[in-house]
Amino acid sequence: QKEVEQNSGPLSVPEGAIASLNCTYSDRGSQSFFWYRQYSGKSPELIMSIYSNGDKEDGRFTAQLNKASQYVSLLIRDSQPSDSATYLCAVNGRSNTGKLIFGQGTTLQVKP
Amino acid sequence: DTAVSQTPKYLVTQMGNDKSIKCEQNLGHDTMYWYKQDSKKFLKIMFSYNNKELIINETVPNRFSPKSPDKAHLNLHINSLELGDSAVYFCASSFSYEQYFGPGTRLTVT
């Protein structure tokens, strides 16, 4: 079992729709969770961090964490073509050493 | 101003050569990292330094040697380059848990 798993996609949604990206992790003691966006040929850009169960909203982005289910998700409301990118889920393990474990990423395509 | 910078942006070299990549951050962070992103886009941590002290050293060939002269700089030296070292190498820095990435160095070994 991979430590952090994401569906590689591509996930295709029409412009204006809600995009839902999912991630599961194997270490039940994981402490902190992150979503990065990576455009082709560019570096990962931090868009959301979440540390406790529940929802965290920032603009059009909502991160959801369920530690009991070892599941973290990212919702993008009113998706725009500029949101088309690869979204990387990253998990910081129970020791919180800063060792981020990344999923393989989900490619999102937003069609005009 | 660029927060995390890396040089060079591109590096093309032959097998067996030795090369270095440099990273600098002006965010005042005390922890810096090296990551490798392979051709399948999988991003994996290699090393981490906190205030010049090595704190994460993943299973990486000892041909790779990181060095942190001060907490704003982190270098990566690679000896005897192999074809499999071709990848994008990202530097990152953090103050707490959130890590911020540099633009990357695309290394191509021929």
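Read-outs: derived from the displayed coordinates by stated rules, not from any lab. The structure displayed is predicted, hence computed values, not measured ones. Cβ sites come from the backbone with ideal geometry, for glycine too, and all protein chains shown count toward neighbours.
Key figures
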item	result
Calculated FRET value between residue B:39 and residue B:12, using beta carbons and R₀ = 22 Å, to 0.05	0.90
By average C-beta atoms within 10 angstrom, highest first, the peptides A:53-65, B:45-57	B:45-57, A:53-65
The protein assembly as shown: Rg to Rh, with Rh as the Kirkwood radius over Cα pairs	0.98
Range of Cα positions in chain B per principal axis (Å), largest first	37, 27, 25
